[in-house]
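In what follows, a structure is listed as structure tokens, so that the remarks can point back to it.
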Amino acid sequence: MALTVIFLTPSISCSLILISVFGCGECVEVTVPQDPVMQQRGSSVELPCHYKTSVDKNFVLEWRFAPGSTPHDQGKQILYFTNNKLYKPGSQSERLSLLQDLPTLGDASIQLTDLHASDAGTYICEVNNPPDFYGTSVGLIQLTVLMPPSTPVCKGTTSASVGSDAHLTCNSSEGVPSPTYSWTRLDTKTPLPLSNMVQDDKTGNLWLRNISLAFSGMYQCLASNEFGQQKCELTIQVTGTAEAGVIAGAVIGVLLALLLLCGIVLWFLRFRKQKEKKTTQSIYSGNEIREDATAPGISEASLQGESQPENHLLENISSRPASTTSTTKSQLNNFLV
Ligand SMILES: *[C@@H]1O[C@H](CO)[C@@H](O)[C@H](O)[C@H]1NC(C)=O
Ligand SMILES: *[C@@H]1O[C@H](CO)[C@@H](O)[C@H](O)[C@H]1NC(C)=O
């Protein structure tokens, strides 16, 4: 085992040396930027690609594009140059051009104008120059299209009861680099307890825990990156009591009303019974206490009759038994005296 390792290692190093010393006389070396290329949407960008080879009639330059996070081996052809002819298949052709009219002198860079969000992805620069088949003939460039956040969408709990939790979300569909989100409450008069609020500035989530009436109001989410900011709003309505409380309150209210009604009815019945008792007593009992009460009773009735003429007849009718008793009583009185 040890022997093979010892013998293998020098042989690998030897072959590497052989390639680097003798191989590159016949290979195409493509150089592209290692770092991603970044440019703002709407502006132009250059995608540099340089190569070293002695170009002859078999030279072929090809650019391919893999949009977004599509693997680079699935890239589609966007530019093709061979036999002094240029082809630009693909939807970007109008905005795509070679920096050098003839890309045969070591510069195969391209320019893309009026950048769209959809232009972001991997660009592949490939140079073939048979019979040069060794070395790096492919270069990959990552293009990032920078743009401000789009207007975010605010969603979540719009009505909640005291003591419950609320969850709001905020999301911009566009924005490079990824926007950061920050929630604030508009027209805040009293500061909300921070311990009851949790927000995630990367995802745009806002959680409100054990909310009170003070949490009612309009909430605003601001999505921002270095290229701009956009906002959206959402209103939370906090209802005074829990739903169960409302129901319990209603039930108690109805019961109280019923009790009150019963009380009134009972009182009324008792009042009438007492009145009936009084009249029967005054008719059939001829004691002295009733006798005293009758005389002012009449004067009262006549006074009322004067002030309220409509009641006159009623008063007369009602006072009639009293007057008859009074006459019987006065007769009785006379008899006693
Ligand atoms: C935000 O919007 C983007 C694009 O519409 C979507 O891909 C992503 O899943 C959304 N994020 C959340 C948390 O809803
Ligand atoms: C919710 O808030 C109220 C006061 O607003 C407090 O009395 C209660 O203990 C809180 N409940 C929880 C579970 O934190």
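What follows is calculated from the coordinates using simple rules that are stated; it is not laboratory data. The structure presented is a predicted model; accordingly, all values stated were derived computationally and were not measured. In this analysis, Cβ positions are derived from the backbone assuming ideal geometry, glycine residues included, and neighbour counts consider all displayed protein chains.
Take the Cα of Gln237, go 7 Å toward its beta carbon, and the backbone nitrogen atoms of the stretch 189-223 under 12 Å from that spot belong to 217.
In a fully extended conformation the segment linking Glu46 and Ser150 would gain 34.9 nm over its present Cα-Cα distance, using 0.36 nm per residue. The stretch between Leu192 and Ser161, if pulled fully straight at 0.36 nm per residue, gains 9.5 nm over its current Cα-Cα span.
Mean separation of Cα pairs under 8 Å and 6 or more residues apart, divided by the residue count, gives the stretch 28-146 a relative contact order of 40 percent. In percent, rounded to a whole number, the relative contact order of the stretch 153-241 is 38, using alpha-carbon pairs under 8 Å and six or more apart. Summing Cβ point charges (Lys, Arg +1; Asp, Glu -1) relative to the Cα centre of the stretch 93-187 gives a dipole of roughly 480 debye. Sorting 80-91, 28-39, 147-158 by their mean Cβ neighbour count within 10 Å, with the most densely packed peptide first, gives 147-158, 28-39, 80-91. For Ile78, list long-range residues whose amide hydrogen, built 1.01 Å from N in the peptide plane, is under 5 Å from its own amide hydrogen. Those lying under 5 Å, H to H, from Ile78 are Trp63, Arg64, Phe65. Dividing the radius of gyration of the alpha carbons in the stretch 28-146 by their Kirkwood radius gives 0.95 for Rg/Rh. Overall, the stretch 153-241 carries a charge dipole of about 200 debye about its Cα centre when +1 sits on the Cβ of Lys and Arg and -1 on the Cβ of Asp and Glu, all other atoms neutral. For the pair Met218 and Ser69, label points projected 7 Å from Cα toward Cβ lie 3.7 nm apart.
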